[in-house]
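Following: one structure in structure tokens, then a few remarks.
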Amino acid sequence: MKVKMRVPSTTANLGPGFDVFGAALSLYNEFEVEYLPNVKKTIFVLKGEGQKALPKNEKNLVWQSMQETFKFFGEKKYNLKNLNITINTNIPLSGGLGSSASAIVGGIALANVLCGDKLNKSQIADLGIKIEGHPDNIVPAVFGGLCICGKDERGTHGTVVHLPLPKLKVVLCVPSFELRTKHSRQILPKCVNLKDVVFNISRVALLTAAFCSGDYELLKKGMQDKIHQPYREKMVPAMNEVLETAVSAGAYGAFLSGSGPAIASFCAKKDAVNIQKAMIKKWKKESVSVKSYILNFDAKGVVRM
């Protein structure tokens, strides 16, 4: 039996919506598993971004997520000796584009099909959040689209609101250095100033209004943040300068994608190339090389191929 899944990249927070807002984008990882019951040695095939960096053993996040799913079903016949796993990584690793969430969702989805395809997308999301710890990348990776998500008291994805998909392009610049999510979260303060909380609440309201009304001019202020980006700025050279450059070049708004170091901006199609060039040029002045993408929003989330 052979199963193949595709999972989109994601961008989280969208500025002020820390651990709450997330969107699926048209850059994908592909995951494949083949069950060979009479074979006693697993073959890990790694392609793309993770070809040299990802482990080919029990430490692989795709395999760990498959294991969690097998445990959920009480399934014991699948193991690393009778499964061939292929991972084609197009999403940059540790770049702020949900590569870990993609691996988790991909692993769960593969194992789910092997076990009879019994989990719906809500259950896949719940299991993914249990592994990842927060919902803002997992939820859009599963459902697709532009999502507001929040865990309930049980730690599941709770309420998910799908906002209208904006008819915009997403310009992404991913610096050549990696930024681990764990470290990027550790530098955040345990307590925040009340004025900063009020500031972010107002920006989240503007952000939501922009997507619901189609008035994207609201994104310039709606993507401002004082909860996490100011603390992560010291780990991302010229972060504020690149954000300002994107807006000056015509973007409606710009933000640190997830925990970084990628920076994303939302813009009209006609402005995308100029914004991309301006962002690359600004980082080049800081001697930082980047990979850059102009992407659409993904509306489907994880799908079987």
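The values are calculated or read from the model by the stated rules, or taken from the named source; none is laboratory data. Since this is a predicted model, take the numbers as computed values, not measurements. Glycine also receives a Cβ, built like all others from the backbone with ideal geometry; neighbour counts cover every protein chain displayed.
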- Message: For region 154-171, check the following and say yes or no: at least one residue is among the small types (G, A, S), in contact (Cβ under 8 Å) with a residue 24 or more places away in the chain and either crowded, with 24+ Cβ neighbours inside 10 Å or under 27 Å from A268 (Cα atoms) (or both).
- Response: no
- Message: All but one of (1) at pLDDT below 95; (2) assigned by TED's automatic domain parsing to the domain that holds V290; (3) surrounded by fewer than 17 Cβ atoms within 10 Å (Cβ to Cβ) hold for S184; state the number of the condition that does not hold.
- Response: (3)
- Determine whether region 223-239 contains at least one residue that is of a type in the set (D, E, K, R), at pLDDT 95 or above and over 22 Å from the mean Cα position of the chain (by Cα). no
- Item | Cβ-Cβ under 7 Å pairs, at least 6 apart or on other chains, region 114-125 side free of Cβ contacts under 8 Å to residues at least 60 places away in the same chain, far side in a loop (DSSP other than H, G, I, E, B) and among the acidic types (D, E) | C115/E75
- Unique residue being touching a Cys at 6+ places or on another chain (Cβ under 7 Å) and at negative phi when the list is G95, G22: G22
- Has region 285-300 got at least one residue that is exposed (fewer than 14 other Cβ atoms within 10 Å of the Cβ), in a helix (DSSP H, G or I) and of a type outside the set (S, T, Y)? yes
